[in-house]
Amino acid sequence: MKYTARIGTFFGIPVRAHVTFPLILIVFGAGAWIDGSWQDGLRAVLLVLTIFACVVLHEFGHSLQVQRYGITVRDIVLLPIGGMARAESIPEKPRQEIIVAISGPLVNFALASIFLMMLFFKDAPVDLENDFVANLFAINIVLGTFNLIPAYPMDGGRILRGILASRMPYLRATRYARNIGQIIAILFAIVAFLDSRFVMLSVIAIFVFFGAISEERMIRTKFALRGKTVGDFLPESVPLLDSATLVEDAAPHFKDDRVIALPVAGGAGKIAGVVSRTDIAAAMRDGNGRLPLSHIARTGFPLMAAETPALQGLHLLRSRRQRFGGVIRDGVFVGLVSVDALTASAG
Ligand SMILES: [Zn+2]
């Protein structure tokens, strides 16, 4: 993720804070200062920092379980609305997914028990509303319980998907979980609208609603690409353009909307580069229709072997922000594979 700074690395997992993270410290700190004294402001900042320490521990609850199943955790990112552990993948075995998902909230309940004990052994009577430890107890109960709401992709939603997936195909279970998650997201938005104290719920509603869509789509793509290679997604016949062809003469090859790029031949059957639909359109617009393709052909596109697993190919294109890549078989360029072609099969 862009715009993050590393705070530290624990158990081999880097913890990063997003650039927007200090905003929440400023909002709560300044709010308490204005309403009371600077000591109140400092106390609020300390409380928020401690809450986020609990959030980090929650994410480590998930992460250490994921690592136990042999999956790499890239990092944990802190955002103003909470934390996010980013793993290479999510275990598909229902039992494993349930254990991973429940481990986060369990950390909060464990922390709440510790804070409850601390309250118990305090000598002086406790002012529940203003006591630091009492606040932390309550917040951990809320964090643990809230995350168990079955709003996929929140923890409770993942548990729900795991339970459903042990009774029906994984994709159908995910679809049900997505639908339930979206209904709950709409309820969150309604509550936020009716009661301004719950304004944060509107942010979470958006996160859940669109998160559910994108996660379900990602899983559909993953299943559709399973067992396939990038070679399976090559267009049937691709015209090889000559590098001396003029831009305006190459333009008709792009009449079909599905053609997003074509290879340009160099000497002795070697590929010299690729021209994309947008390159041709830009050249025509700038009045460069009479230039040869060698002038606009690009060479800096990713290349991959035809045997590359299709999902890996898709990840490569997305991570390099490219819409297409070249495919090589036995050292020979055989065509271009596009993000559109790879994702179309998921429906
Ligand atoms: Zn969680």
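Provide the FRET efficiency to the nearest 0.05 for the Arg290-Leu240 pair, computing r from the beta carbons and using R0 = 22 Å. In this case the efficiency is close to 0.55. Measuring nothing but alpha carbons in the range 134-242 and taking Rh as the Kirkwood radius, the Rg to Rh ratio lands at 1.21. Taking label positions 7 Å along the Cα-Cβ direction at both Met118 and Arg318, the computed distance is 4.0 nm, reported to one decimal.
In loop segments of the range 57-132 as defined by DSSP, the trypsin sites (Lys or Arg not before Pro) with at most 15 further C-beta atoms inside 10 Å of their C-beta are Lys122. Measuring nothing but how far apart in sequence close Cα pairs (under 8 Å, 6+ apart) lie, relative to its length, the range 127-235 scores a relative contact order of 20 percent.
Shown here for the range 215-290: GluC sites (Glu not before Pro) in loop regions (DSSP other than H, G, I, E, B) with at most 16 other Cβ atoms within 10 Å, namely Glu236. Peptides 100-110, 165-175 ranked from most to least packed by the mean count of surrounding Cβ atoms within 10 Å: 100-110, 165-175. The length gained on full extension between Asp35 and Ala5, counted as 0.36 nm times the residue separation minus their Cα-Cα distance, comes to 7.7 nm. Think of the range 4-225 as a dipole: +1 on every Lys or Arg Cβ, -1 on every Asp or Glu Cβ, centred on the Cα centre; then among Leu225, Ile13, Ser214, Leu225 lies furthest on the positive end. Based on the alpha-carbon gyration tensor of the range 294-347 and its eigenvalue square roots a ≥ b ≥ c, which shape applies: rounded if a/c is under 1.5, prolate if not and a/b is larger than b/c, or oblate? The shape class here is oblate.
Distance from the C-alpha centroid of the range 40-116 to that of the range 183-252: 26 Å, rounded to the whole angstrom.
Per residue, the convex hull spanned by the Cα atoms of the range 4-225 measures out at 141 cubic angstrom. The trypsin sites (Lys or Arg not before Pro) of the range 202-246 that meet both conditions, a loop assignment by DSSP and at most 12 other Cβ atoms within 10 Å of the site Cβ, are Arg226.
Helix 21-35 against the longest principal axis of the chain: what's the angle in degrees, Cα atoms only, rounded to the nearest 10? Value to nearest ten degrees: 30. Across the options Val199, Asn135, Tyr170, the greatest Cα extent toward the positive end of the charge dipole of the range 4-225 (unit charges at beta carbon of Lys, Arg, Asp, Glu) belongs to Tyr170. Only alpha carbons enter this Debye calculation for the range 166-211, each as an equal point scatterer, and the log10 of I(q)/I(0) it gives at q = 0.15, 0.18, 0.22 Å⁻¹ is -0.43, -0.54, -0.67. Computed from point charges on the beta carbon alone (+1 for Lys and Arg, -1 for Asp and Glu), the dipole magnitude for the range 4-225 about its Cα centre is near 1180 Debye. For the range 4-225, the relative contact order is 14 percent, taking Cα pairs closer than 8 Å that sit 6 or more residues apart in sequence and dividing their mean separation by the residue count.
Antiparallel versus total DSSP beta bridges in the range 1-156: what percent is that, nearest 5? Roughly 80 percent of the DSSP beta bridges within the range 1-156 come out antiparallel. Can you list the residues, at least 5 places off or on another chain, whose amide H is less than 5 Å from the amide H of Leu291, using H built in the peptide plane? Distant-sequence amide H within range of Leu291: Val247, Glu248. Summing Cβ point charges (Lys, Arg +1; Asp, Glu -1) relative to the Cα centre of the range 230-344 gives a dipole of roughly 380 debye. D by Stokes-Einstein for the range 230-344, Kirkwood Rh over Cα pairs, 10 °C, 1.306 mPa s: 111 µm²/s. Angle of helix 38-68 to the longest C-alpha principal axis of the chain, folded into 0 to 90 degrees and rounded to 10: 60°. Could you state the angle between the C-alpha long axis of helix 155-165 and the longest principal axis of the C-alpha atoms of the chain, as a value from 0 to 90 degrees rounded to the nearest 10? For helix 155-165, the angle is close to 60 degrees.
Taking the DSSP bridge list for the chain and keeping only pairs wholly inside it, about 75 percent are antiparallel.
Taken together, the values in this text are just the output of simple stated rules run on the coordinates, not laboratory data. Owing to the predicted nature of the structure, the values given are computational and were not obtained by experimental measurement. Cβ atoms come from the backbone with ideal geometry, glycine included; neighbour counts cover every protein chain shown.
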